[in-house]
Amino acid sequence: MISDDSIDGVDFISSLPDVILHQILSSVSTKSAIRTSVLSKRWRYVWSETPSLSIDCHRANPNSIDKTLTSFSAPKITTFHLRTSLHNRVQPINGWIEFAISRDAEKLSFEFRDSCVRDYNFPDFFYTNSSVKQLFVNSGAVDFIPRCVVSWASLKNLSLSFCTLSDESFLKILSGSPLLESLELLYCDEFKCLDLSQSPRLTRLEMDRSDWFMGPTEIVAPHLHYLRLRHSRLPCRLEDVSSLTEADLNIYFCDLGTLTAEFLQHNVVKMLEMLQNVEKLTIGGTFLQMLSLAALCGVPFPTLNVKTLTLETMIIRSVIPGITELLRNVPGLRKLTIHTVKCSSISELHLNAYLRVHSLNQHQCWRSKDSVFPGSLETISMLVGKHAESNLVALFMERLLESTKSLETMVVLLVGYLDASGFEELLAMATTLSHNNNDVSILIKRSYIKYVANTFPQR
């Protein structure tokens, strides 16, 4: 039985102003929005006036897309999202892009999902657009190489994924985007130098690389405030990042055999030296392992001005030397966050091989004052029995507390560690952790708990 209240509710929604209905329909795909046209006469044309189009034509007939666009009556588009394959559809796709640009779309998003993408080039008119403010391109290595002058006078946010670029093409893009504020490059290839020195408004850069998509080997970015750099091979020099205040770094090496102590000094530690003005720093586990090798090889660390430090790592002994030496060189650290994550790491087999190649005794290295730490859960379980995992976390926390003198707050975010009983054990241990200088507040959280305030003043 349908109540009067339910009927009133339906009438209430239908009676809402068009601008509210358009906002509602903007949150769903255009295909779903079109279906609302059969609800009543009131809804018949609402979808066609919604200033947002989200089209997934992976299996759709291009003619049906053309019909949809012909029926679309909104004079301006705020968001245009197109997900498509390119097989035999280059001309229709160009027409759909031209349609979005003709309606002054402010946010453009394109996803290309087949092997034909390598044969596709955006048309010249795509690169001359004074309305677009946000542009997202996710492709299977499409050539993002303009053959004309680029003019994106209003563009503020640019995100490119799996695109092929050249140094020349990237300079064109930057020179044609004078208002660019944020740049995201995910697994893009071919270009070697990322020179952002002529983009004074560009303050945010995020970049991921892989073995197949190497990306730039040099970054010049004197105006950046935020840098996120994650990739699998290091040869990427930070030449000028003097305005950075926040950085997020993680680096993974597949082959340690070619790395020398000089390489560690001039690349790994050099990267730290370029972060002199950074106050908020996040470092991943594999980069911590590389810092451990540098510390064990006697490479000196620079002094940093970091106030807030986040370590995203598994709790393993191969990160301890790097963390210890890093903390010693951050004299003004106020907040330390340990975010335990299950992630890729360099195996101790490869780390030990590296140490042997450089005439270092692996056993002495891992047993040194700065490296004493159980290497695995199996090892610590033999030492402390059923409380193995909680003891492991507690020992890790204690080692970090011993390495810093100015800390005010330690936050431990446990992901993939400890069951309920182990968590309670850790809370009890946290009350006994000691620190030699100022009191430290310790906050321990588990990943599935929205908010847990377990704070213990250090004695």
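The values are calculated or read from the model by the stated rules, or taken from the named source; none is laboratory data. Since we're looking at a predicted model, the values are computed, not measured. In this analysis, Cβ positions are derived from the backbone assuming ideal geometry, glycine residues included, and neighbour counts consider all displayed protein chains. The area values use the complete protein model at the heavy-atom level, side chains included, leaving out ligands, DNA and RNA. Shrake-Rupley method; radii C 1.70, N 1.55, O 1.52, S 1.80 Å.
In what order, largest first, do 270, 405, 31 sit by accessible area if the probe radius is 1.4 Å?
Result of the area sort, largest leading: 31, 405, 270.
I'd like the accessible area for residue 73, computed on protein heavy atoms only with a 1.4 Å probe and all protein chains in place. Round to 10 Å², please.
Counting only protein heavy atoms, residue 73 exposes about 70 Å² to solvent.
Tell me, what HN-Hα J-couplings in whole Hz come from the Karplus equation 6.51 cos²θ - 1.76 cosθ + 1.60 at θ = phi - 60° for each residue of the range 217-231, using x for Gly and Pro?
Per-residue couplings from phi come out as 9, 8, 10, 10, 8, x, 9, 5, 9, 10, 9, 10, 10, 9, 7 Hz.
Would you list 128, 337 from the most to the least accessible area, probe 1.4 Å?
So, going from the largest accessible area down, we get 128, 337.
Sum up the charges of everything whose Cβ sits under 14 Å from the Cβ of residue 312, counting Lys and Arg as +1 and Asp and Glu as -1, but leave residue 312 out.
Around residue 312, the surrounding residues sum to +3.
If you stretched the chain out fully between residue 34 and residue 18, how much longer would it get, using 0.36 nm times the residue separation minus the C-alpha to C-alpha distance?
Fully extending the segment from residue 34 to residue 18 adds 4.3 nm.
What order do 187, 417 take when sorted by accessible area (1.4 Å probe), most exposed first?
187, 417
Using a 1.4 Å probe, how large is the accessible area of residue 423, given in Å² and rounded to the nearest 10?
Approximately 10 Å² of residue 423 is accessible to the 1.4 Å probe.
What are the ³J(HN,Hα) values, in whole Hz, obtained from phi via the Karplus relation 6.51 cos²θ - 1.76 cosθ + 1.60 with θ = phi - 60°, for each residue of the range 312-319 in sequence order, with x given for Gly and Pro?
Once θ is set to phi - 60°, the couplings for the range 312-319 become 9, 7, 6, 8, 9, 5, 6, 9 Hz.
For residue 203, tell me the accessible area in Å² from a 1.4 Å probe, rounded to the nearest 10.
Result for residue 203: roughly 40 Å² accessible.
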